[in-house]
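The structure under discussion appears below in the form of structure tokens.
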Amino acid sequence: MKSKKAVFFGELMIRLNTNNYERFIQARGFNVRYTGAEANAAVSVANFGLESYVVSAVPVHELGQACINYLKQYGVDTQYIKRTGKRLGILYVETGFSQRPSKVIYDRENSPLTELKADDFDWNGIFKGKAWFHFSGTAPALSDNLSEIVKQACVKAREYGLKISCDLNYRQKLWTPQRACSIMTELMEYVDVLIGNEEDAEKVFGIRAQNTDVTSGHINGEKYKEVAEKLYKTFNFEQVAITLRESISASDNGWSALLYDGVNHNFSRKYTIHILDRVGGGDSFAGALIYSILSGFDSKKTVEFATAASCLKQAILGDFNLATVDEVYRLMEGDASGRVQR
């Protein structure tokens, strides 16, 4: 039986969220969860029933153990998480409401993963018997060391015949567009499936959808066909996936996606979401996309499953998508009523 095991590489952090939609300056306490773009995607894959492995590093103290325990309870294999360093990176989140946007503050310097070097990971052992390797742009954005580690991992994953996916995941608070373009262009040589949102291609590669203004909530889906085609041809990808978020407000978004496979531009249906927690929405799309491809879905079913799954995630507190496969299928089939399941 062909392997369906997926490996995810990236930083792990503690997420400290204000309570009850409070602003940072109001907060007298924070809700604690653990997160990481790639780990969020790994939880989705595990939650849907496939084996997923997180490769990362956390401190040797109790917070590091708490992070590992948090991942384990959702079925993620943590055997490749190294114990080293003194601190977890911190993600502070102020959840927006209505016209007030969410805000994020990063405190990620000198986290354990940024202090490791390329030869600190046994990629031969990690990739043996696996089928998929996933990383995102947040990893190489953190340090030169991590850029080199990601590149070495991609080279080794290619040697072992794994499919490689990348979520561009551009974060302006982590690096400049110029540095992102330089580093990510080099890494694209190894990528089979590229994932991005409605802004990533422009911010990282300067490829912009015309007649679109994300700040006003106006997304011209047809123009993203051209973006997907240009990315596909420029980097010789197998597939390009783009999530399309129409930001009506912090609380209400339109949500859909496009998956281009070199022949067809497959658009998902569009969902109108009243958001509970949007952090991790893109990561849940990436995880569901990986699950779909590993499960042998065709392109149309893949984008429909990934979009429906990530729609449901945004109605779940925290970064992880804990929706079931059956719940995703019900939404795909048109049951968006939210009626009590008895």
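Each DSSP beta bridge with both residues in the chain is either parallel or antiparallel, and the antiparallel ones are about 50%.
Within a straight-line Cα-Cα reach of under 21 Å, K86 can be paired with the following lysines, leaving aside sequence neighbours fewer than 8 residues apart in one chain: K117.
Distance check, please: which entries in K4/K72; K151/K301; K173/K230 exceed 29 angstrom between their Cα atoms? Correct reply: K151/K301.
Give me the percent relative contact order of the stretch 144-209, please, defined on Cα pairs under 8 angstrom at least 6 residues apart. Write out the running numbers ahead of the final one.
On the way: 56 pairs, mean separation 24.9, N = 66.
Reported relative contact order: 38 percent.
If only the Cβ of Lys and Arg carry +1 and only the Cβ of Asp and Glu carry -1, the dipole of the stretch 242-342 around its Cα centre is close to 180 debye. A dipole drawn for the chain from +1 and -1 charges on Cβ atoms has a positive end, and of G254, Y80, H61 the residue lying farthest that way is H61. Any idea of H265's accessible area? Nearest 10 Å², probe 1.4 Å. About 50 Å², rounded to the nearest 10. Evaluated with a Cβ-only charge set (Lys, Arg +1; Asp, Glu -1), the stretch 212-300 carries a dipole of roughly 100 debye about its Cα centre, given to the nearest 20.
Averaging the sequence gap over all C-alpha pairs within less than 8 Å and six or more residues apart, then dividing by the number of residues, gives the stretch 98-217 a relative contact order of 23 percent.
Here the 3J(HN,Hα) profile of the stretch 172-177, calculated from phi with Karplus coefficients 6.51, -1.76 and 1.60 at θ = phi - 60°, is 5, 7, 9, 6, 7, x Hz, Gly and Pro shown as x. Which listed residue (F121, T35, V193) has the Cα farthest towards the positive end of the charge dipole for the chain, taking +1 on Lys and Arg C-beta and -1 on Asp and Glu C-beta about the Cα centre? Checked the options; the winner is T35. Rg and Dmax over the alpha-carbon atoms of the chain stand at 18.7, 55 Å.
Tell me the net charge near A336. Cut-off is 13 Å between Cβ atoms, A336 excluded, with +1 for each Lys or Arg and -1 for each Asp or Glu. That sum, taken over residues with Cβ under 13 Å, equals +1.
Using a Gaussian network model of the chain in which every pair of alpha carbons under 10 angstrom is joined by a spring, one finds that among G296, G196, G280 the greatest mean-square fluctuation is at G296. Amide hydrogen proximity for S102: with H placed 1.01 Å from N in the peptide plane, the residues at 5 or more positions away or on another chain lying under 5 Å are G96. Normalised by the number of residues in the chain, the mean separation of alpha-carbon contacts (under 8 Å, six or more apart) gives a relative contact order of 15 percent. G29 sits among other residues whose Cβ lies under 15 Å from its own Cβ, and their net charge, with Lys and Arg +1 and Asp and Glu -1, is +2. Across the stretch 144-153, rounded Karplus estimates of 3J(HN,Hα) from the backbone phi angles (6.51 cos²θ - 1.76 cosθ + 1.60, θ = phi - 60°) give 5, 4, 5, 4, 5, 4, 4, 5, 4, 4 Hz, Gly and Pro being marked x.
For the stretch 114-217, GluC sites (Glu not before Pro) are listed when DSSP marks them as loop and at most 15 other Cβ atoms sit within 10 Å of their Cβ; the list is empty. The protection proxy used here, the mean number of other Cβ atoms lying within 10 Å of each residue, ranks peptides 21-32, 328-339, 253-264 as follows, highest first: 253-264, 328-339, 21-32. Each Lys and Arg Cβ is given +1 and each Asp and Glu Cβ -1; about its Cα centre, the chain then shows a dipole of about 460 debye.
Which pairs, out of K82/K128; K2/K225; K225/K313; K2/K82, put more than 24 Å between their alpha-carbon atoms? Please report the intermediate quantities before stating the final value.
Numbers: K82/K128 18 Å; K2/K225 33 Å; K225/K313 26 Å; K2/K82 28 Å.
Correct reply: K2/K225; K225/K313; K2/K82.
These residues, Y160, Y271, go from largest to smallest accessible area, 1.4 Å probe, as Y160, Y271.
The values are calculated or read from the model by the stated rules, or taken from the named source; none is laboratory data. Keep in mind that this is a model prediction, so the values were computed, not measured. Virtual Cβ from ideal backbone geometry, glycine too; neighbours counted across all protein chains shown. Surface areas here come from the heavy atoms of the whole protein model, side chains and all, with no ligands, DNA or RNA. Shrake-Rupley method; radii C 1.70, N 1.55, O 1.52, S 1.80 Å.
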